[in-house]
Each structure stands twice: as C-alpha cells, then as structure tokens.
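What follows is a short report on a single structure.
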Amino acid sequence: MDTTRLDTLLAATVRLGATALHLVPGRAPALRVQRRFVEGDDTPVQLGDIEELTSNMLFSDHREQLERRGYVEVLYVSRAGGRYRATVSRTNGETSLVLCPVPIEAPQLASLDLPDQISAFTRCRQGFVAVGGFFGAGKSTTLSAIVDACSGDSDRHIVTIEDSIQVLHQNGASLLHQREVGRHVVTAAEGVRQAVAFGADVIVVSEIHDLATLDAVLTASESGCLVFAGVEAGSIIGVLVEMTSLAAVEDRSRMRTRLARSLRGVTAQSLLNRSHKGGRVPVVEVLVASPAVRTAIRTGRLKDLPAIMQRCRGLGMQTTDIALRNLLNQHLVLEEEALLHASDREEVLLRYPVR
C-alpha cells in the first residue's frame, strides 16, 4: 500500500468522524464509525501492504517490542500533517495496523463529560492517581486533559513520560517537559526517576507496563510528587489487581501496603455511544482513597470496595452502575446502551423512570 492510498483513507477517517482505521490482511480497509465498521474502499489489504507501511514507522526498539509483546504503539504523521496513534500488532504471523486520529489541541477536562472528582485530583499536591481503561476507552485523552489542567498552575513543574508523544501541549503557566520512551529516556521507570531528580511536582506516565515503572511511580509519590499513570484494566478492582500482580507473590503484601499509603484515587473508564448526536461519552468509576479504602487495599479485601463506593458517594466516589444512572438521568445515553454495561440492571434503573 502506498502512502497516497493511506492518506486517502485517513482523510476519510477524519471526514466521517471515525475513531479508527483498521488495516487487516485479506480484508478491505475498515473505518470505525459509531462502533460500526464502514469499508474505506473495496480493495483488500495485503500482508505486504502492512509490511511496507510499518517498515517506515518502526525503529529497532519498536520492532523489539513488537516481537516481545505482540504489539507496539507509535505516532504516525501523514503528509497532510495529521497525527495518528498507530498500533501495530502481530497474531499468528500476520501483522495488522490500527490508526486513531490524535487531536491537534490538548483536550480540556471540562469538555470530556468526566466526573468532577477527576478535576479535584489535579489539585492534589502529592500522591498517586491510577487511571484505568482498555485500548480505545479514552484513557490517553483523559491523561492529556489532566496535563492541560495541571499546566495552568504557575507553581508546578510537570513532566510527562509517554510511550509516544501524541498531543503536543502548549506552554502554559507551568514549566512543562514531554519525554518519550526510547527517544528521550530509555525506559518509563528511568524517565520517572529522572523527573524526580529534575524537581518535578507533577509526573504523568502514559502507562505502567512493568514492576520497575510501578516501583518508580510509587517512590516518586512517596517522595512528594503527584503522579498520574495509566493502567490497562477495565475496572477499579482490575486496576488494583493488575498493579499488585506485577510484584512477586511473596512481595504482594508489601505492594498493597505501598499502594494503600500512596494512592489518592483510582478511576476506570469506557466509552458509550451518545444518545442524540454523534460521538461517545465516558462512563467512569471513581475511587477516592478514604481510610476505609486504604484498609481494604492494604488487607487485600478488594471485594469490599464496591460497597464502600456506594456508601461514600459524598466523597466523589461512584461505581459503574451509579455512573450509568447519572448518564441516563442526563439523557446522554440510551437505556439499552446503559444496560449492556450494567453490573446490576435494577440498580441502574433504580431512580431512572423506565419508559
């Protein structure tokens, strides 16, 4: 596939408001529009097309990650100047490519329909906030908006550690440095340690992939930094399990203790289709590190967290079901859409009038 065809497909992606362009060998290019796939053209993608495109996208360290993890993310800039997050994955010897448009300007928290508590987290001065979500759940957008919110404070030095720099933040009142793994720092863990040495007040890490990064994040928060970091998990309990399981079995009790002491909060999000217009809206779980929450994490009683979140809504906490009910009451999503994501359908409909 030559770059002219790719640019044509990317232009269609932007024109239709698609969230992604999927290039899979043996299938026609597919645009993801409102969770539905629309063919970009009728010519199937060949394996050689993907290899040709990725040969110019990936450096040696990217190829090493692809072999080791089965996927790698990089930033692709089209000839028209559009920026796209390119995810290259390999399964059963076949390579596929997904390109997602990256906003030209940094998103703002106020425009993302996120809970107010996320904005409150940005005003903290120390601690660790984990931001959970699977691929395509809007986690990177939320982290980018958090950077934008923090950059308005002239008293702060902000350092981002990103797998690939997607959104270029403009200089605000704060001092801001964006650093890319493999380009400016060897590893995310090393980037976090350098940020602490440089005197960073706020550190934002695109994703915690390994124990070394998690250890560096916790050490930074223990030393007085405010750290936000992405975790690939779809729920708050999933985020906590994912982080704890990075440690060896014999070290997990100590890891839970460190997390309980350092955490300011945890969020986990996914995206639902809006009810009356294009686009998607986030449904977000929020956990605030109250004494009861810290005790539950330290003792490993994660199953107690949903009940705590139900009781402590006044502190800014909410379960997925509470978030869905709020979206229904605001008429942002359809009832059928909300119930597909509900843990307890009756809870979601408790204060929502069924029509």
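The values are calculated or read from the model by the stated rules, or taken from the named source; none is laboratory data. Quick caveat: nothing in here was measured; it's all calculated off a predicted structure. Using ideal geometry, Cβ is built from the backbone for each residue, glycine included, and neighbour counts are taken over all protein chains shown.
Observations on the structure shown:
- Test: residue in the range 277-284 that is at pLDDT below 90, in contact with a Leu (Cβ under 6 Å, 6 or more places away or on another chain) and part of a strand (DSSP E or B): yes
- Within the range 310-327, residues that are without any contact (Cβ under 8 Å) to a residue 24 or more places away in the chain and assigned to a strand (DSSP E or B) have Cβ atoms under 6 Å from residues that are of a type in the set (Lys, Arg) and surrounded by fewer than 24 Cβ atoms within 10 Å (Cβ to Cβ) in no pair, counting only partners at least 6 apart in sequence or on another chain.
- Residue in the range 188-201 that is of a type in the set (Asp, Glu), touching a strand residue (DSSP E or B) at 6+ places or on another chain (Cβ under 7 Å), modelled with pLDDT of 95 or more and in a loop (DSSP other than H, G, I, E, B) present: yes
- Odd one out for Glu207 among (1) buried (at least 18 other Cβ atoms within 10 Å of the Cβ); (2) of a type in the set (D, E, K, R); (3) over 24 Å from Phe135 (Cα atoms): (3)
- Top-ranked residue in the range 56-73 [being in contact (Cβ under 8 Å) with a residue 24 or more places away in the chain and assigned to a loop (DSSP other than H, G, I, E, B); ranked as surrounded by the most Cβ atoms within 10 Å (Cβ to Cβ)]: Leu58
- Residue satisfying all of: in the range 221-241; hydrophobic (A, V, I, L, M, F, W, C) and under 21 Å from Ser154 (Cα atoms); nearest to the chain's Cα centre (by Cα) among these: Phe228
- Highlighted here are the strands (runs of 3 or more DSSP E) found entirely within the range 77-168 that include at least 3 residues which are β-branched (Val, Ile, Thr) and surrounded by 22 or more Cβ atoms within 10 Å (Cβ to Cβ): 157-162.
- The set of residues from the range 12-55 being part of a helix (DSSP H, G or I) and either surrounded by 14 or more Cβ atoms within 10 Å (Cβ to Cβ) or not assigned by TED's automatic domain parsing to the domain that holds Glu73 (or both) comprises Ala12, Thr13, Val14, Leu47, Asp49, Ile50, Glu52, Leu53, Thr54.
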